[in-house]
Amino acid sequence: QVQLVESGGGLVQPGGSLRLSCAVSGSIFSIFTMGWYRQAPGKQRELVAAVTSSGSTNYADSVKGRFTISRDNAKNTVYLQMNSLKGEDTAVYYCNAHWILGDYWGQGTQVTASS
């Protein structure tokens with residue numbers, strides 16, 4: 001059974017930074033495409049950033065140049081560095097592990113950018 005545990009969310013002022021972490025149990029982390037999604041109240045869940053098993057990354061246009069996704073296969077962990085946070089980044093952020101047999105999700109962590 002694969003489990004994903006997010007951490008690092010919180011309250012930050014606009015313009016500030018946070019780093020999210022997602023620790024993944026099991027021995028097949030390296031083959032997953034890992035992604036961060038977010039869902040704001042009243043909105044659909046959207047992809048924020050993803051990194052493939054080979055290290056290729058892609059980002060939503062709204063976060064390009066501000067957010068960076070990375071992975072550490074030795075630690076079974078994926079990170080999302082979020083800089084220059086804006087109010088519209090406020091959402092619950094979810095970690096996702098994707099492979100040919102399906103998807104796994106974390107429980108979510110709240111990120112709030114507000115003064």
Review point. Quick one: Cα centre-to-centre distance for segment 6-20 and segment 38-97, in angstrom?
Key: 12
Practice item. Any chance you could get the radius of gyration and Dmax over the Cα atoms of segment 74-115, in Å? Key: 13.2, 42
Check your understanding: What does the accessible area of Arg66 come to, in Å² to the nearest 10, when a probe of 1.4 Å is used?
Key -> 30
Point to revise | List Asp72, Asp89, Asp61, Asp103, ordered by accessible area with a 1.4 Å probe, largest first | key: Asp61, Asp103, Asp72, Asp89
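Taking all protein chains together and a probe of 1.4 Å, list Ile28, Ile69 from the most accessible to the least accessible.
Working: Ile28 55, Ile69 10 Å².
Reading off the accessible areas and sorting them downward yields Ile28, Ile69.
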Review point. Full extension from Leu101 to Arg45: what is 0.36 nm times the residue separation minus their Cα-Cα distance, to one decimal in nm?
Key: 18.0 nm
Revision key, fill the gap. Once Trp105, Trp99, Trp36 are ranked on solvent-accessible area with the largest value leading and a 1.4 Å probe, the list reads Trp105, Trp99, Trp36
Check your understanding: So how strong a dipole does segment 1-99 carry about its Cα centre when Lys and Arg Cβ are +1 and Asp and Glu Cβ are -1, to the nearest 20 debye?
Key -> 60
Practice item. Report the relative contact order of the chain, percent, no decimals, based on alpha-carbon pairs under 8 angstrom and at least 6 residues apart. Key: 37
**Study point:** Pair Thr112, Ser56: separation of 7 Å Cα→Cβ label points (nm)
**Key:** 3.9
Exercise for review: Take the chain, compute every pairwise Cα distance, and split them into 10 Å bins from 0; I just need the percent in each bin.
Suggested key: 15, 50, 29, 6, 0
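The values are calculated or read from the model by the stated rules, or taken from the named source; none is laboratory data. None of the values given here were measured: they were computed from a predicted structure. In this analysis, Cβ positions are derived from the backbone assuming ideal geometry, glycine residues included, and neighbour counts consider all displayed protein chains. Remember, those area values only see protein heavy atoms, side chains included, never the ligands or the DNA or RNA. Shrake-Rupley method; radii C 1.70, N 1.55, O 1.52, S 1.80 Å.
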